[in-house]
Amino acid sequence: AQKVTQAQTEISVVEKEDVTLDCVYETRDTTYYLFWYKQPPSGELVFLIRRNSFDEQNEISGRYSWNFQKSTSSFNFTITASQVVDSAVYFCALSGGYTNAGKSTFGDGTTLTVKP
Amino acid sequence: EAEVAQSPRYKITEKSQAVAFWCDPISGHATLYWYRQILGQGPELLVQFQDESVVDDSQLPKDRFSAERLKGVDSTLKIQPAELGDSAMYLCASSLQGDTENEQFFGPGTRLTVL
């Protein structure tokens, strides 16, 4: 079985602060993908970023960056210079390989509130 | 921009009644997913279709839930009879293929309230 843990239930920051969302996962697969999705108040989940298990290179895309560390099974997501529009629930997801037949497992989400 | 369509957006029903939700995935997406999201939790996969075939329904309560995707395009999820514990958001998603690497595109969801 695979599991995703987002220990931070809620985070509140002031606009322009940087914020990091934590994600820890468990899987027996050697090949897997990790995702971050955003769920704004409207309810529709939106794909943000993806990382495969063989690529630990950290990247930056605009105000988003992510830190994937296979040794600690963590896939943390950082928003730089946060904005009010970033307020949403953020979900980390794991898509398994052979043993999980590609099934996606989501964490329980972190609610981010960005105050003006 | 192509979107996943779902209807209705909101549904209120009494327990023991039957309810049905509809989903139309993005054109060309072979894989369709139904998730249940309880308030404060992440989406939980109920059923996954590859074209018209079910590839995973291990978490679907088959005594009361059913899902079909007859022509491999749109899909219907049914609950009969509804129970109080079924109150949740029901999300539909689609992806190009059911491969591990493909991101999923989600619809707006149907919020079900069972009284």
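Bear in mind these aren't lab numbers, they're just calculated from the coordinates by the rules spelled out. No experiment lies behind these values; they were computed from the predicted model shown. In this analysis, Cβ positions are derived from the backbone assuming ideal geometry, glycine residues included, and neighbour counts consider all displayed protein chains.
With the condition kept exactly as written, say whether any residue in segment A:55-78 is surrounded by fewer than 21 Cβ atoms within 10 Å (Cβ to Cβ) and in contact with a Pro (Cβ under 7 Å, 6 or more places away or on another chain). Taking every residue of segment A:55-78 in turn, none turns out to be surrounded by fewer than 21 Cβ atoms within 10 Å (Cβ to Cβ) and in contact with a Pro (Cβ under 7 Å, 6 or more places away or on another chain). Residue count for segment B:72-105 satisfying the condition of being away from every other protein chain (no Cβ under 14 Å) and either assigned to a strand (DSSP E or B) or of a type outside the set (A, V, I, L, M, F, W, C) (or both): 13.
Restricted to segment B:26-71, and to residues there that are more than 14 Å from every other protein chain (Cβ to nearest Cβ) and in contact (Cβ under 8 Å) with a residue 24 or more places away in the chain, the residue that is farthest from A:ALA88 (Cα to Cα) is B:ARG69.
Restricting segment A:55-100 to residues that are farther than 19 Å from A:THR27 by Cα and more than 15 Å from the chain's Cα centre (by Cα) leaves a set whose member that is farthest from the other protein chains (Cβ to nearest Cβ) is A:ALA81. Taken over segment A:24-54, the criterion of being charged (D, E, K, R), within 11 Å of another protein chain (Cβ to nearest Cβ) and over 21 Å from B:GLN37 (Cβ atoms) is satisfied by A:ASP29, A:ARG51.
The sole residue among A:GLY107, A:GLY43 that is out of contact with any helix residue (DSSP H, G or I) (no Cβ under 7 Å at 6 or more places or on another chain) and either farther than 28 Å from B:LEU32 by Cβ or touching a residue at least 12 places away in the same chain (Cβ under 8 Å) (or both) is A:GLY107.
Just one of (1) loosely packed, with under 15 Cβ neighbours inside 10 Å; (2) away from chain A (no Cβ under 11 Å) fails for B:GLU3. It is (2). Scanning segment B:1-54 for residues that are of a type in the set (S, T, N, Q) and part of a strand (DSSP E or B) yields B:GLN6, B:SER7, B:THR13, B:THR31, B:GLN37, B:GLN48, B:GLN50, B:SER53. Inspect all residues belonging to segment B:5-24 and state whether any of them is among the basic types (Lys, Arg), out of contact with any Ser or Thr (no Cβ under 7 Å at 6 or more places or on another chain) and closer than 23 Å to A:ALA1 by Cβ. Within segment B:5-24, not a single residue is among the basic types (Lys, Arg), out of contact with any Ser or Thr (no Cβ under 7 Å at 6 or more places or on another chain) and closer than 23 Å to A:ALA1 by Cβ.
Test A:LEU21 against the criterion of being within 14 Å of chain B (Cβ to nearest Cβ), in contact with a strand residue (DSSP E or B) (Cβ under 8 Å, 6 or more places away or on another chain), among the aliphatic types (A, V, I, L, M) and over 27 Å from B:GLN97 (Cα atoms), and give yes or no.
yes
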